[in-house]
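First comes the structure, then the notes that go with it.
Where a number appears in this text, it was derived from the coordinates with a stated rule and is not lab data. Predicted, not measured: the structure shown is a model, and the values here were computed from it. Because the Cβ atoms are built from the backbone with ideal geometry, glycine has one as well, and the counts that use them run over all protein chains shown.
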Amino acid sequence: MPVRNIVIAGNWKMHKTQVESLEFLQEFLNHINETPEDREVVLCIPFTALSAFSKNLHGSRVKLGAQNIHWEPSGAYTGEISAMMLNELGVRYVIVGHSERRQYFGETDETVNLRLRAAQDHELTPILCVGETKQQRDAGETEDIIKHQLKHDLIGVDQQNLVVAYEPIWAIGTGDTCDPQEANRVIGIIRQQLSNSNISIQYGGSVKPNNIDVIMAQPEIDGALVGGASLDPSNFGRIVNYK
């Protein structure tokens, strides 16, 4: 039976200059000398820091990730980044469809789908984010919302080169973590919707050093997409080295 990959990814969002990024990396690398080989460690950092990171990651355990990608290879898309630009910098992963992109920047299931396919066309592994709002959860719509997102986001997408992150929107940056058993239940539902049941499915939403062990003890959860706690090298080191 194939073993699912464990993927622990930090999403820095709009934090850290190049100087701050390299200071982080210098300390963080000391925390992962003993990290088990079966754990993929990814840092999804701002576009401005990708080049500096790329030059300093050679031979390390850390894989480089970006936070967004455009679906066209080039063109009049002010403020966007293409797959080939990311390829050139040694980027391996890219976050697609994060709730902040959907909420603040007009991302739709259609554009998420286009971005996923563009990433895969250029041998990048997309991390697809899905999740419900507090209102949707309170209305009992969690399963329907997630099934809808997956159905439309994954049209024509290769499920052999994909990571999915379940990020309940009400738990992102709020300190309000989804109960691990409930996260496990929803991730099990996500897995049932996929044609490849061995896809790594992460939990994201107020993941911290003090809850990572119980999160990763859940049988359906294959990793974490970590926001604020990934900005501190010792905190993120503890998360990567969960027990």
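Things to note:
- Length added when fully stretched, Glu27-Ser54, from 0.36 nm per residue minus Cα-Cα: 8.1 nm
- Taking the Kirkwood radius as Rh and the Cα radius of gyration as Rg, the chain has a ratio of Rg/Rh equal to 0.93.
- For Gln67, net neighbour charge (Lys/Arg +1, Asp/Glu -1) across residues whose Cβ lies under 9 Å away: +2
- Cα-Cα over 32 Å, subset of Lys63/Lys243; Lys55/Lys151; Lys151/Lys208: Lys55/Lys151
- Extending 7 Å from Cα along the Cβ direction at Met84 and again at Asn5 yields two label points whose distance is 2.5 nm.
- Rg and Dmax [Cα atoms of segment 195-243; Å; Rg one decimal, Dmax integer]: 11.1, 37
- Other residues lying with their Cβ under 15 Å from the Cβ of Met216 contribute a combined charge of -1, Lys and Arg counting +1, Asp and Glu -1.
- Ranked by how many other Cβ atoms sit within 10 Å of their own Cβ, fewest first, the residues Ser99, Ser54, Ser74 fall in the order Ser74, Ser54, Ser99.
- Kirkwood Rh and Cα Rg combined as Rg/Rh, segment 84-196: 0.97
- Taking each DSSP H run with n ≥ 4 as -39500 (n - 2.57) and averaging over every residue of the chain yields -11000 deg cm²/dmol at 222 nm.
- Largest to smallest principal axis extent of the C-alpha atoms in segment 1-67, angstrom: 43, 24, 16
- Its Cα gyration tensor gives segment 75-121 an equivalent ellipsoid. The semi-axes, each the square root of 5 times an eigenvalue, are 19, 12, 10 Å from largest down.
- Antiparallel bridges, percent of DSSP beta bridges restricted to the chain (to nearest 5): 0
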